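Visitor: Would you mind keeping the following structure in view while I ask a few things?
The values are calculated or read from the model by the stated rules, or taken from the named source; none is laboratory data. Because the structure is predicted, anything quoted here is derived from the model rather than measured. For neighbour counting, all protein chains shown are included, and Cβ atoms are generated from backbone atoms with ideal geometry for every residue, glycine included.
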Amino acid sequence: MDTLLQLYDSSGKLLAEDDDGRLFMGQVWHDFEAADSRLMITPPAVGQYFLRVSNTSGVYGAQSVYRLTA
């Protein structure tokens, strides 16, 4: 699965996005190449935000799992 993370503010403005995280930095946590997204951001103000998680690979099913941590 190849994820895309996009963080929006309450007005719908895109604040940050990430497609392949550490893939091209050679720092993957798996024993295979993974296109795991990684988005690290400190919001500019207290408020409501919307995180969109997309699957760009077209792979779906029971083994396609999203794990979000804050």
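Visitor: What number of residues within segment 43-64 satisfy the criterion of being in a loop (DSSP other than H, G, I, E, B) and farther than 15 Å from residue 10 by Cα?
Guide: 9
Visitor: A follow-up question, please. Does residue 69 satisfy being modelled with pLDDT of 80 or more, loosely packed, with under 10 Cβ neighbours inside 10 Å and hydroxyl-bearing (Ser, Thr, Tyr)? Show your work before the answer.
Guide: Numbers: modelled with pLDDT of 80 or more: no; loosely packed, with under 10 Cβ neighbours inside 10 Å: yes; hydroxyl-bearing (Ser, Thr, Tyr): yes.
No, not satisfied.
Residue-wise test of (1) exposed (fewer than 10 other Cβ atoms within 10 Å of the Cβ); (2) modelled with pLDDT of 80 or more; (3) of a type in the set (A, V, I, L, M); (4) out of contact with any Ser or Thr (no Cβ under 8 Å at 6 or more places or on another chain).
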site	(1), (2), (3), (4)
9	no, yes, no, yes
14	no, yes, yes, yes
41	no, yes, yes, yes
50	no, yes, no, no
54	no, yes, no, no
